[in-house]
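Structure record follows, encoded as structure tokens.
The values are calculated or read from the model by the stated rules, or taken from the named source; none is laboratory data. What you see is a predicted model; the values in this text were computed from it and never measured. Methodologically, a virtual Cβ is constructed for each residue, glycine included, from the backbone with ideal geometry; neighbour enumeration extends over all protein chains shown.
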There are 2 protein chains.
Amino acid sequence: PAKAMKGRRLRWTVKPSEMSINTVNPIRSIVDEMKLTPHPDKPMIALSIGDPTVFGNLPTDDAVLQAMKDAIDSHKYNGYAPSVGYATSRQAVANFYSCPKAPLEAEDVILTSGCSHAIDLVISVLCNAGDNILVPRPGFSLYKTLAVSMGIKVKFYDLLPEKEWEVDLKHMESLIDDRTSCLVVTNPSNPCGSVYSKEHLQKILRVASRHCVPILADEIYSDMVLPGCECPSMASLSSDVPILSCGGLAKRWLVPGWRMGWVLIHDRNDVFGPAIRQGLVKLSQRILGGCSIVQGALEGIFNNTPQSFYDNTISLLKTNAEICYSGLSIVPGLRPVRTSGAMYLMVGINMDHFPDFQNDVDFTERMVTEQSVFCLPTSAFEYPNFFRIVLTVPEEMMVEACSRIREFCEGHYQPLGLDGNDLDQ
Amino acid sequence: PAKAMKGRRLRWTVKPSEMSINTVNPIRSIVDEMKLTPHPDKPMIALSIGDPTVFGNLPTDDAVLQAMKDAIDSHKYNGYAPSVGYATSRQAVANFYSCPKAPLEAEDVILTSGCSHAIDLVISVLCNAGDNILVPRPGFSLYKTLAVSMGIKVKFYDLLPEKEWEVDLKHMESLIDDRTSCLVVTNPSNPCGSVYSKEHLQKILRVASRHCVPILADEIYSDMVLPGCECPSMASLSSDVPILSCGGLAKRWLVPGWRMGWVLIHDRNDVFGPAIRQGLVKLSQRILGGCSIVQGALEGIFNNTPQSFYDNTISLLKTNAEICYSGLSIVPGLRPVRTSGAMYLMVGINMDHFPDFQNDVDFTERMVTEQSVFCLPTSAFEYPNFFRIVLTVPEEMMVEACSRIREFCEGHYQPLGLDGNDLDQ
Ligand SMILES: Cc1ncc(COP(=O)(O)O)c(C=O)c1O
Ligand SMILES: Cc1ncc(COP(=O)(O)O)c(C=O)c1O
């Protein structure tokens with residue numbers, strides 16, 4: 001910082017703020033540094049983007065679009081909505097997510113500009129600079145991006161691939177201290193595709209309860225689970241841990257661009273009380289929430305989207321998860337982890353078998369060069385030596401991608417015990 | 001803050017963050033404290049809300065609605081847009097606002113979730129905690145709300161009602177020090193309804209230039225000026241002061257709920273350079289920008305909105321400004337200030353003549369009780385003893401409101417030199 005000195009600045013020096021410098025998006029930082037030059041003879045297959053709309057095979061439902069047009073035609077949704085959203089729209093969200101163990105009223109819902117904004121509000125209301133939050137590793141990067149830019153520390157608790165990405169509870173608990181102001185749980189998970197059992201969620205809740213730490217439950221992928229899987233909300237499993245659940249239209253309704261999200265306030269024994277609610281309301285007044293037309297469409301979207309639409313997405317996810325898991329389990333050196341939901345599958349790379357590559361970034365970069373298949377290296381999620389596959393691509397593309405990944409691995413695989421250098425000679 | 005102590009927290013204490021506590025919306029704080037009980041025999045007339053859509057007399061244009069429906073039907077705008085907005089949408093904004101003296105390319109445009117978000121990005125990229133920004137008084141309250149919540153200081157420069165709210169340039173200049181990271185200029189102005197001449201804007205720019213302070217030009221009301229008034233953008237008048245101009249669809253297209261705003265980057269001599277641009281891009285990745293459907297509609301909105309639509313709004317503003325100014329100039333104790341644009345008119349209260357009331361809040365509160373007319377007291381804009389009138393109401397309502405305001409004032413007016421208490425006895 002410049003020396004304090006009253007008076008005229010003599011030349012132009014405009015520097016970006018520390019907050020902007022400290023706003024780091026690891027996916028961008030890593031991907032922008034990669035040399036992504038697809039093989040000229042093979043059309044590119046990007047399995048890297050968490051946007052289910054990019055391939056055109058998963059359009060949103062006509063009922064969703066119709067609800068938007070109805071909102072436009074009503075002429076009722078052009079003015080300012082209250083900063084927390086229209087009462088009727090908040091009621092629609094409350095109705096949709098309310099359940100006996102975790103009832104919701106309209107006033108428990110705050111509409112936001114995407115789930116990202118919901119996460120921003122929750123971290124902003126619960127944490128001060130110098131506090132810390134616990135976030136999963138591997139995990140969605142936005143928690144850290146937002147927290148660090150606000151001077152909030154991030155502590156990573158481990159997820160265990162051998163236990164289908166369950167939380168290492170001991171590790172998580174060991175990280176808590178008296179400046180821990182929030183425990184972030186992502187379920188179903190990006191990037192893991194894991195869905196926790198009721199029992200596992202209860203164990204997490206017991207840790208939070210023992211240490212009196214409120215939970216940010218990122219449930220943007222709620223209900224996006226494979227058949228046979230249950231996916232109770234965290235709030236429905238606890239009567240004493242106060243929870244702020246973040247969600248939105250992005251994934252389940254396949255309209256991430258519409259920027260409609262929400263915070264669901266599940267208070268318990270008045271721990272949040274009026275103060276946290278009021279804090280959220282005040283924060284919502286900074287830039288207001290999501291587009292009023294989308295707010296106006298919410299009730300129609302919830303009421304009119306046919307079950308078959310949701311089922312169709314799940315069915316594609318299931319097919320692709322199977323193609324991918326079975327296709328890659330037989331690939332030497334790879335270790336895919338079964339997925340139960342969200343729209344991702346994680347694949348471990350046994351780096352010892354791939355001496356050609358230094359790490360997951362190197363590995364996935366070369367897979368683009370040689371096979372025109374791009375998977376996100378999990379360094380982007382604070383976790384090395386895996387890559388993440390997006391499961392929303394068309395089935396044929398999934399099949400083709402798996403066979404190319406296999407070809408790539410077979411070309412570079414070295415059996416253990418042999419030194420790569422020896423073989424080269 | 002709790003004493004640092006490793007280990008278990010023994011009971012629940014969840015407190016809202018300092019940032020949320022420091023996020024203060026003065027309009028809400030003041031209005032929520034007022035006892036607003038309209039007179040039972042008179043229908044309420046709210047001249048307080050800066051939302052031009054509330055009376056239904058100023059619908060947006062059909063072309064604007066059609067552009068939205070076209071964007072929906074195209075199925076092209078449901079996925080994630082880039083965090084700064086679609087290239088085509090940025091280009092559309094650039095084309096619309098580019099002018100020879102201040103040319104814009106697509107890359108100079110960042111789309112945001114309303115103009116509020118644009119202001120948030122600009123303050124966030126230019127200022128660190130401990131810096132100060134210069135903002136107008138009376139002025140729109142959001143600048144202070146955002147700045148204070150981020151630990152940025154606010155210094156108010158005076159606007160002069162007797163000069164149709166021109167800036168007191170000496171006062172402004174005297175406030176600048178070496179921690180001044182941004183000068184905010186609102187033109188046309190909320191709450192003043194003033195539109196600065198080219199010459200006055202050039203004087204402001206010279207102050208910024210002498211002290212090397214970049215400008216946040218809040219131009220959300222640009223082009224909303226009465227016939228005969230010119231309203232050049234600040235950027236078009238300077239070749240050396242770097243300017244970030246904030247705008248959006250809210251006011252001119254009468255769709256504030258849609259939350260579509262933008263930052264226009266007018267760099268000069270590479271003062272912002274890649275660093276500020278990159279800072280804005282990084283900040284845009286926090287929650288992403290506005291709704292993709294509205295983004296997709298921008299080009300249609302700009303190209304297809306007929307001139308008659310814009311003219312119609314201006315014509316209503318002109319009529320109401322005349323009704324209001326002439327109606328209230330003859331009211332004893334009031335001093336309306338001529339308006340040239342935006343959608344507001346300020347009325348000074350000569351409090352000496354109204355001993356029944358302590359201040360503008362008291363005055364406007366009683367005007368609701370007795371006449372069911374609500375005008376915003378300008379304490380909400382850090383400025384006492386005026387009230388702000390919104391000019392977008394239907395004409396008949398404006399006439400009726402003025403006559404009620406007159407009746408109210410006549411009932412409470414006391415000629416100078418007499419002591420109100422004496423008269424009561
Ligand atoms: C776990 C998780 N949370 C939140 C988000 C952000 O959602 P939105 O696009 O609604 O901001 C994402 C997006 O990928 C996500 O994966
Ligand atoms: C001067 C000024 N700037 C910015 C805004 C915010 O605009 P938006 O609704 O697009 O966030 C307003 C809204 O009233 C305003 O008066």
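Quick check on my filter: what residues within the stretch A:164-208 are touching a residue at least 24 places away in the same chain (Cβ under 8 Å), in contact with a Gly (Cβ under 8 Å, 6 or more places away or on another chain) and over 26 Å from A:VAL390 (Cα atoms)?
Scanning the stretch A:164-208 gives A:ASP177, A:ARG179.
Identify all residues within the stretch A:35-47 that are farther than 19 Å from A:CYS402 by Cβ and surrounded by 15 or more Cβ atoms within 10 Å (Cβ to Cβ); write none if there are none. Write out each step before concluding.
So in the stretch A:35-47, the residues farther than 19 Å from A:CYS402 by Cβ come out as A:35-37, A:40.
Answer for the stretch A:35-47, where residues must be farther than 19 Å from A:CYS402 by Cβ and surrounded by 15 or more Cβ atoms within 10 Å (Cβ to Cβ): just A:LEU36.
Restricting attention to the stretch B:208-227, which residues are within 14 Å of ligand 2 (Cβ to nearest atom), within 13 Å of chain A (Cβ to nearest Cβ) and farther than 19 Å from B:SER113 by Cβ?
None; the set is empty.
With the structure loaded, tell me whether A:THR37 is more than 7 Å from chain B (Cβ to nearest Cβ) and out of contact with any helix residue (DSSP H, G or I) (no Cβ under 9 Å at 6 or more places or on another chain) or whether it fails that test. Don't jump to the end; show me each part of the working.
Values: more than 7 Å from chain B (Cβ to nearest Cβ): yes; out of contact with any helix residue (DSSP H, G or I) (no Cβ under 9 Å at 6 or more places or on another chain): no.
No: the conditions fail for A:THR37.
Has the stretch A:253-261 got any residue that is within 22 Å of B:SER17 (Cβ to Cβ), buried (at least 24 other Cβ atoms within 10 Å of the Cβ) and at pLDDT 95 or above? Please lay out each step first, then the result.
Kept after step one, since they are within 22 Å of B:SER17 (Cβ to Cβ), are these residues of the stretch A:253-261: A:261.
Retained after the next criterion (residues that are buried (at least 24 other Cβ atoms within 10 Å of the Cβ)): A:261.
Those still in the list that are at pLDDT 95 or above too: A:261.
Within the stretch A:253-261, one or more residues are within 22 Å of B:SER17 (Cβ to Cβ), buried (at least 24 other Cβ atoms within 10 Å of the Cβ) and at pLDDT 95 or above.
Name the single residue that is nearest to the chain's Cα centre (by Cα) among those in the stretch B:274-323 being more than 7 Å from chain A (Cβ to nearest Cβ) and within 16 Å of ligand 1 (Cβ to nearest atom).
Here the residue is B:GLY289.
Under 19 Å from B:GLY341 (Cα atoms), surrounded by fewer than 20 Cβ atoms within 10 Å (Cβ to Cβ), without any contact (Cβ under 8 Å) to a residue 12 or more places away in the chain and away from ligand 2 (no atom under 16 Å from the Cβ): is that true of B:GLU230 in this structure? Before the answer, list the steps.
Numbers: under 19 Å from B:GLY341 (Cα atoms): yes; surrounded by fewer than 20 Cβ atoms within 10 Å (Cβ to Cβ): yes; without any contact (Cβ under 8 Å) to a residue 12 or more places away in the chain: no; away from ligand 2 (no atom under 16 Å from the Cβ): yes.
Spelling it out, it is not the case that B:GLU230 is under 19 Å from B:GLY341 (Cα atoms), surrounded by fewer than 20 Cβ atoms within 10 Å (Cβ to Cβ), without any contact (Cβ under 8 Å) to a residue 12 or more places away in the chain and away from ligand 2 (no atom under 16 Å from the Cβ).
Could we say that A:ASP120 is touching a residue at least 60 places away in the same chain (Cβ under 8 Å), within 25 Å of B:SER83 (Cα to Cα) and surrounded by 15 or more Cβ atoms within 10 Å (Cβ to Cβ) here? Spell out how you get there, then give the answer.
On the way: touching a residue at least 60 places away in the same chain (Cβ under 8 Å): no; within 25 Å of B:SER83 (Cα to Cα): yes; surrounded by 15 or more Cβ atoms within 10 Å (Cβ to Cβ): yes.
For A:ASP120, the condition - touching a residue at least 60 places away in the same chain (Cβ under 8 Å), within 25 Å of B:SER83 (Cα to Cα) and surrounded by 15 or more Cβ atoms within 10 Å (Cβ to Cβ) - is not met.
In the stretch B:122-141, how many residues are touching a Ser or Thr at 6+ places or on another chain (Cβ under 8 Å) and away from ligand 2 (no atom under 14 Å from the Cβ)? Show your work before the answer.
Let us first name the residues in the stretch B:122-141 that are touching a Ser or Thr at 6+ places or on another chain (Cβ under 8 Å), namely B:124-128, B:131-134, B:136, B:138-140.
Next cut, away from ligand 2 (no atom under 14 Å from the Cβ) only: B:124-128, B:131-134.
Qualifying residue count, the stretch B:122-141: 9.
Mind checking which residues of the stretch A:215-227 are within 17 Å of A:HIS200 (Cα to Cα) and part of a loop (DSSP other than H, G, I, E, B)?
A:GLU219, A:SER222
Out of the strands (runs of 3 or more DSSP E) lying entirely within the stretch A:90-180, which hold 3 or more residues that are more than 14 Å from chain B (Cβ to nearest Cβ)? Give the steps one after another, and end with the answer.
Working: elements: A:109-112, A:132-137, A:153-160.
Because the criterion is at least 3 residues that are more than 14 Å from chain B (Cβ to nearest Cβ), the strands (runs of 3 or more DSSP E) in the stretch A:90-180 that meet it are A:132-137, A:153-160.
Among the listed residues B:PRO191, B:PRO138, which satisfies the condition of being touching a strand residue (DSSP E or B) at 6+ places or on another chain (Cβ under 6 Å) and surrounded by 24 or more Cβ atoms within 10 Å (Cβ to Cβ)? Walk me through it before giving the result.
Values: B:PRO138 fails: touching a strand residue (DSSP E or B) at 6+ places or on another chain (Cβ under 6 Å).
Answer to the check: B:PRO191.
Go through (1) within 11 Å of chain B (Cβ to nearest Cβ); (2) away from ligand 1 (no atom under 15 Å from the Cβ); (3) among the aliphatic types (A, V, I, L, M); (4) in a helix (DSSP H, G or I) and name the single condition A:ALA81 misses.
With (1) within 11 Å of chain B (Cβ to nearest Cβ); (2) away from ligand 1 (no atom under 15 Å from the Cβ); (3) among the aliphatic types (A, V, I, L, M); (4) in a helix (DSSP H, G or I) applied to A:ALA81, the lone miss is (4).
Please find, within the stretch B:240-253, the residue that is nearest to B:THR313 (Cα to Cα) out of those that are assigned to a loop (DSSP other than H, G, I, E, B) and touching a strand residue (DSSP E or B) at 6+ places or on another chain (Cβ under 9 Å).
Pass one, the stretch B:240-253, residues assigned to a loop (DSSP other than H, G, I, E, B): B:240-242, B:249-253.
Among the residues that remain, those that are also touching a strand residue (DSSP E or B) at 6+ places or on another chain (Cβ under 9 Å) are: B:241-242, B:249-250, B:253.
Numbers: B:VAL241: 32, B:PRO242: 32, B:LEU249: 14, B:ALA250: 13, B:TRP253: 9 Å.
Among those that are assigned to a loop (DSSP other than H, G, I, E, B) and touching a strand residue (DSSP E or B) at 6+ places or on another chain (Cβ under 9 Å), it is B:TRP253.
Have a look at A:GLY56, A:GLY50 and point out the one that is at the interface with chain B (Cβ under 9 Å from one of its Cβ atoms), surrounded by fewer than 20 Cβ atoms within 10 Å (Cβ to Cβ) and part of a loop (DSSP other than H, G, I, E, B).
Going through A:GLY56, A:GLY50 in turn, just one is at the interface with chain B (Cβ under 9 Å from one of its Cβ atoms), surrounded by fewer than 20 Cβ atoms within 10 Å (Cβ to Cβ) and part of a loop (DSSP other than H, G, I, E, B): A:GLY56.
Is it the case, given these coordinates, that A:LEU317 is touching a Pro at 6+ places or on another chain (Cβ under 9 Å) and farther than 30 Å from B:LYS144 by Cα?
Details: touching a Pro at 6+ places or on another chain (Cβ under 9 Å): no; farther than 30 Å from B:LYS144 by Cα: yes.
Answer is no for this residue.
For A:ILE27, indicate whether it is more than 7 Å from chain B (Cβ to nearest Cβ), at pLDDT below 95, crowded, with 17+ Cβ neighbours inside 10 Å and not in a loop (DSSP other than H, G, I, E, B).
Details: more than 7 Å from chain B (Cβ to nearest Cβ): yes; at pLDDT below 95: yes; crowded, with 17+ Cβ neighbours inside 10 Å: yes; not in a loop (DSSP other than H, G, I, E, B): yes.
Yes: the conditions hold for A:ILE27.
Kindly list the number of the only condition in (1) facing chain B (nearest Cβ under 8 Å); (2) out of contact with any helix residue (DSSP H, G or I) (no Cβ under 7 Å at 6 or more places or on another chain); (3) buried (at least 24 other Cβ atoms within 10 Å of the Cβ) that fails for A:VAL271.
(3)
Only residues in the stretch A:255-277 that are of a type in the set (Asp, Glu) count as the first member; pair them with residues that are part of a loop (DSSP other than H, G, I, E, B), Cβ under 7 angstrom, at least 6 apart or cross-chain, and list the lot.
If the second residue must be part of a loop (DSSP other than H, G, I, E, B), the pairs left are A:ASP267/A:PRO242.
Scan the helices (runs of 4 or more DSSP H) fully inside the stretch B:271-373 and keep the ones with 2 or more residues being under 22 Å from B:ARG252 (Cβ atoms). Walk me through it before giving the result.
Details: elements: B:273-284, B:292-304, B:307-329, B:360-371.
It comes to B:292-304, B:307-329.
I'm trying to understand the selection: among the residues of the stretch A:83-102, which are crowded, with 17+ Cβ neighbours inside 10 Å and within 30 Å of B:CYS115 (Cβ to Cβ)?
Of everything in the stretch A:83-102, those that are crowded, with 17+ Cβ neighbours inside 10 Å and within 30 Å of B:CYS115 (Cβ to Cβ) turn out to be A:SER83, A:VAL84, A:GLY85, A:TYR86, A:SER89, A:ARG90, A:GLN91, A:ALA92, A:VAL93, A:ALA94.
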